[in-house]
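Below: the structure, in structure tokens.
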Amino acid sequence: MQTEELTELVIKALEDLKGQDIKAIDVRGKTAITDMMVIASGTSDRHVKALADSVMVKAKEAGVMPLGTEGQGDNEWVLVDLNDVV
């Protein structure tokens, strides 16, 4: 899956669950870690968890396996690493 397609998938998953302040930042050429960063806010810890879970489910359905997640212990913040998109 192309970076742009994966970015759109992530944004759609966040929009479907009413993620707030969704921003996509192109970091190609600025870091070797990833190509795109997508940032969103949730209204509560449960909402943040639901947003991250939705991104992981939609990615898996599209055949993209997350490389890992961070921050799911307290759900104040969660990072989902999809390689080209974080």
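Among residues of region 18-40 that are closer than 14 Å to Glu8 by Cβ and touching a residue at least 12 places away in the same chain (Cβ under 8 Å), those with a beta-carbon under 8 Å from a residue that is basic (Lys, Arg) and surrounded by 11 or more Cβ atoms within 10 Å (Cβ to Cβ) at least six positions away or on a different chain give the pairs Asp35/Arg28; Met36/Arg28. Taken over region 44-76, residues that are at negative phi and touching a residue at least 24 places away in the same chain (Cβ under 8 Å) amount to 18.
Residues that are among the small types (Gly, Ala, Ser), over 12 Å from Leu6 (Cα atoms) and surrounded by 12 or more Cβ atoms within 10 Å (Cβ to Cβ) within region 30-86 comprise Ala40, Ser41, Gly42, Ala50, Ala52, Ser54, Gly71, listed in sequence order.
Read-outs throughout are calculated quantities, based only on the coordinates presented, and are distinct from any laboratory measurement. Please read all numbers here as calculations on a predicted model, not as lab measurements. Methodologically, a virtual Cβ is constructed for each residue, glycine included, from the backbone with ideal geometry; neighbour enumeration extends over all protein chains shown.
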